[in-house]
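Trainee: Pasting in a structure now, in structure tokens, and then I'll have a few things to ask.
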Amino acid sequence: QVQLVESGGGLVQPGGSLSLSCAVSGSIFSINAMGWYRQAPGKQRELVAEVTSGGDTNYADSVKGRFTVSRDNAKNTVYLQMNRLNTEDTAVYYCKAVIRTGVLPGAFDYWGRGTQVTVSS
């Protein structure tokens with residue numbers, strides 16, 4: 001069993017900051033990429049940012065320069081620091097990790113349940 005538990009999120013005013021974290025626990029052999037996706041009402045889920053096991057990062061154009069993704073491999077945790085938030089950042093944010101659970105090859109996507117981020121004055 002693998003669990004991804006997100007924390008953080010909430011309500012913030014435009015221009016403000018929030019920090020999300022996601023801890024992975026359970027039967028884990030290794031974790032490849034970890035990242036964050038978001039889904040706004042009426043829209044498809046989209047990639048926000050991801051980080052590989054080696055520390056390489058990838059960001060959506062809309063968040064470049066404002067968001068920072070990082071991970072702590074010792075804690076199996078991924079973070080998302082969000083600065084200069086605007087109303088278009090309002091969405092449910094989901095954590096995703098690509099996890100290998102055993103000695104056999106093959107890794108699979110695991111998702112958290114999501115946390116709401118609302119940017120509003």
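Trainee: Between beta-carbons, use under 12 Å as the cut-off and find the net charge around ASP56, counting Lys and Arg +1, Asp and Glu -1.
Mentor: After counting each charged neighbour, the total is 0.
Trainee: Please give me the summed charge of the neighbours of ARG84: other residues whose Cβ is under 12 Å from its Cβ, Lys and Arg +1, Asp and Glu -1.
Mentor: Net charge in that neighbourhood comes out at 0.
Trainee: With +1 on the Cβ of every Lys and Arg and -1 on the Cβ of every Asp and Glu, and nothing else charged, how large is the dipole of segment 14-121 about its Cα centre, in debye rounded to the nearest 20?
Mentor: So the dipole magnitude of segment 14-121 works out to roughly 140 debye.
Trainee: Still on this structure: Need one number: nm distance between label points at LEU11 and ARG45, each 7 Å from Cα along Cα→Cβ, rounded to one decimal.
Mentor: Spacing of the two 7 Å Cα→Cβ label points: 2.7 nm.
Trainee: Go through segment 45-56 residue by residue and turn each phi into a ³J(HN,Hα) via Karplus (6.51, -1.76, 1.60, θ = phi - 60°); whole Hz please, and just put x for glycine and proline.
Mentor: The phi angles translate into 5, 10, 5, 9, 6, 9, 9, 7, 5, x, x, 6 Hz.
Trainee: Ok, one more. Counting alpha carbon pairs within less than 8 Å and at least 6 residues apart, what relative contact order, in whole percent, applies to the chain?
Mentor: Over the chain, the number comes to 36 percent.
Trainee: Under a 1.4 Å probe, what is the accessible area of segment 57-115 per residue, stated in Å²?
Mentor: 55 Å²
Trainee: How far apart, in nm, are two points set 7 Å out from the Cα along the Cα-to-Cβ line at ALA23 and at LYS75?
Mentor: With each label placed 7 Å out from Cα toward Cβ, I get 0.8 nm.
Trainee: With a 1.4 Å probe and all protein chains left in place, how much of the accessible area of the chain comes from carbon and sulfur atoms, in whole percent?
Mentor: 47 percent
Trainee: With a cut-off of at most 12 other beta carbons within 10 Å, and DSSP calling the residue loop, which trypsin sites (Lys or Arg not before Pro) in segment 62-114 qualify? Please list them.
Mentor: Sparse-neighbourhood loop trypsin sites (Lys or Arg not before Pro): LYS64, LYS75, ARG113.
Trainee: Let me ask something else about it. Between VAL2 and GLN116, what is the spin-label point distance in nm, taking each point 7 Å from the Cα along the Cα→C-beta axis?
Mentor: With each label placed 7 Å out from Cα toward Cβ, I get 2.8 nm.
The values are calculated or read from the model by the stated rules, or taken from the named source; none is laboratory data. Keep in mind that what you see is a predicted model, and the values were worked out from it rather than measured. Ideal geometry is used to build each Cβ from the backbone, glycine not excepted, and the neighbour counts take in all protein chains shown. What goes into the accessible areas is simple: the full protein's heavy atoms, side chains included, and nothing from ligands, DNA or RNA. Shrake-Rupley method; radii C 1.70, N 1.55, O 1.52, S 1.80 Å.
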